[in-house]
Amino acid sequence: MRDFQLELRQRREAGLHRQRREISGPQRPALTVNGQPLLSFCSNDYLGLANHPDNRRVLSEALDENGLGGASSHLICGHHRAHEQLENQLAAFTGRSSALLFSTGYMANLGVISALAGRGDTIFSDRLNHASIVDGCRLSGARVRRYHHGDLEALARMLEETAGHKLVVSDGVFSMDGDVAALVPLAQLCTKHDALLMIDDAHGFGVLGPQGRGSVAAAGLNEEQVPVLMGTLGKAAGTSGAFVAGPAWLTEYLVQKARTYIYTTAMPPALAQASCNSLSLIESFDSQRAHLAALIDRFRDQVTLMGYHLMPSATPIQPIVVGSNEATLALSAELQNRGLLVTAIRPPTVPDGQARLRITLSAAHSFDDLNRLLRALVQCRPDCVVSPVLSEPFAE
Ligand code: PMP
């Protein structure tokens with residue numbers, strides 16, 4: 001038998017051991033973590049909808065109306081009118097002809113990629129794509145060609161020299177760096193080389209673009225240019241689940257072929273009803289998105305002055321790259337001592353030597369919340385992150 005205990009010890013020694021924290025009460029910036037009150041800067045609840053009173057009310061009314069469990073897969077007897085309504089609303093919201101619900105984003109990526117590509121086909125995938133895309137590519141059995149993050153010249157060369165069916169897949173907003181893919185040139189390349197384009201907009205949906213319609217809408221790309229648009233509901237929408245939106249043939253085909261759609265229990269119908277309500281809130285949340293943008297600007301200005309290394313991101317994902325696992329864990333622990341929850345992200349989630357604090361901002365944060373974080377970052381700044389050029393003191 002493999003020595004699993006040894007592997008666990010080795011992980012601990014390398015600073016790679018993952019540990020959970022127990023949250024009590026609702027998700028919001030003021031969290032209770034292992035019984036301790038902490039101000040959180042690491043959730044994906046970008047608009048504060050995970051605990052929005054309207055959503056809570058809709059969910060409890062929907063529970064009275066439709067009960068709790070999904071009870072079966074969609075193709076047996078689980079496909080509820082509430083799912084159908086949410087799919088229609090998602091299609092309208094994203095400007096697509098149709099949408100199909102999945103129980104999680106991880107399952108959506110696995111199911112969609114493995115349905116759309118197989119043996120003999122080629123998938124082109126950005127090196128920083130989310131783990132669920134990586135796993136979907138593996139599962140498909142297709143040949144996978146990974147290009148350096150954002151390197152569209154390399155992608156163009158690969159597309160040029162490849163025959164047969166081609167699927168290009170990319171995050172819209174990269175989950176650990178926060179940057180947005182160059183969607184317009186990406187779509188142009190795909191048209192030129194007759195490749196199918198799939199964008200995972202888990203982190204752009206609700207946040208970017210007009211009325212929060214996502215990174216693809218922000219880039220002005222329609223269904224023909226981005227035929228496969230995936231989004232999740234567990235982040236800005238504040239609920240749970242995911243969807244794929246696109247032409248009618250796409251959703252019809254996925255119902256036949258996507259195994260993670262076919263062989264799993266449908267999401268609770270009440271949750272679909274709460275997600276419908278989230279969509280309406282997202283549409284009306286321009287002022288919350290403006291507040292979030294102001295938080296992001298202030299964070300970037302101040303943290304750059306402190307000499308921390310930020311990524312080129314204009315989204316709520318604002319990682320501070322520290323480098324070593326140990327230094328990142330130490331910084332996270334220091335922040336926790338000051339009442340802040342910012343988790344350390346280490347390999348293999350990010351490349352070796354690029355461990356980071358993945359700070360995320362939310363419209364639910366106030367400027368006072370942000371100032372607490374900024375003050376703590378000044379107090380905890382380790383020598384290793386201080387750039388010799390940018391060493392001006394932080395002035396509030
Ligand atoms: N894609 C991306 C880019 C993600 O960041 C995530 C979640 N971390 C997923 C897919 C998976 O979504 P879900 O959490 O709904 O499974």
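The values are calculated or read from the model by the stated rules, or taken from the named source; none is laboratory data. Worth saying up front: this structure is predicted, and the values here are computed from it rather than measured. Cβ placement follows ideal geometry from the backbone for every residue including glycine, while neighbour counts extend to all protein chains displayed.
Odds and ends about this structure:
- Among residues of region 120-144 being in a helix (DSSP H, G or I) and polar (S, T, N, Q), the one that is surrounded by the most Cβ atoms within 10 Å (Cβ to Cβ) is S132.
- Subset of region 329-342 [in contact (Cβ under 8 Å) with a residue 60 or more places away in the chain and surrounded by 20 or more Cβ atoms within 10 Å (Cβ to Cβ)]: L340, L341, V342
- For region 100-114, a residue qualifies if it is surrounded by fewer than 23 Cβ atoms within 10 Å (Cβ to Cβ) and either away from the ligand (no atom under 14 Å from the Cβ) or closer than 21 Å to H165 by Cα (or both), and exactly one does: S114.
- Count of region 260-275 residues, restricted to those that are surrounded by 18 or more Cβ atoms within 10 Å (Cβ to Cβ) and assigned to a helix (DSSP H, G or I), is 9.
- Single residue of L341, L292 found to be modelled with pLDDT of 90 or more, assigned by TED's automatic domain parsing to the domain that holds S40, among the hydrophobic types (A, V, I, L, M, F, W, C) and in contact with a helix residue (DSSP H, G or I) (Cβ under 9 Å, 6 or more places away or on another chain): L341
- Candidate set: region 148-172, residues that are surrounded by fewer than 21 Cβ atoms within 10 Å (Cβ to Cβ) and within 16 Å of the ligand (Cβ to nearest atom); chosen: the one nearest to P348 (Cα to Cα): H149
- Close contacts from region 298-314, counting a first residue that is assigned to a loop (DSSP other than H, G, I, E, B) and a second that is of a type in the set (G, A, S) and at pLDDT 90 or above, with Cβ to Cβ under 7 Å and a gap of 6+ residues or different chains, come to M311/G178; S313/G178.
- Listed by position, the strands (runs of 3 or more DSSP E) contained in region 173-259 that have at least 3 residues being under 19 Å from A154 (Cβ atoms) and within 16 Å of the ligand (Cβ to nearest atom) are 196-200.
- Among residues of region 196-207 that are closer than 15 Å to S125 by Cα, those with a Cβ under 6 angstrom from a residue that is in a strand (DSSP E or B) and away from the ligand (no atom under 13 Å from the Cβ), sequence gap 6+ or separate chain, pair up as L196/L167; L197/V168; M198/V228.
- Close pairs (6 angstrom Cβ cut-off, 6 or more residues apart or separate chains): loosely packed, with under 13 Cβ neighbours inside 10 Å in region 71-84, of a type in the set (S, T, N, Q) and at pLDDT 95 or above anywhere: none
- Here region 238-249 is the region considered, the condition is being over 19 Å from the mean Cα position of the chain (by Cα) and either surrounded by fewer than 24 Cβ atoms within 10 Å (Cβ to Cβ) or of a type in the set (D, E) (or both), and the residue that is farthest from D54 (Cα to Cα) is W249.
- The conditions of being of a type outside the set (S, T, Y) and assigned to a helix (DSSP H, G or I) are met by R157.
- Single unsatisfied condition, T349 versus (1) closer than 23 Å to Q36 by Cα; (2) within 19 Å of the chain's Cα centre (by Cα); (3) of a type in the set (S, T, N, Q): (1)
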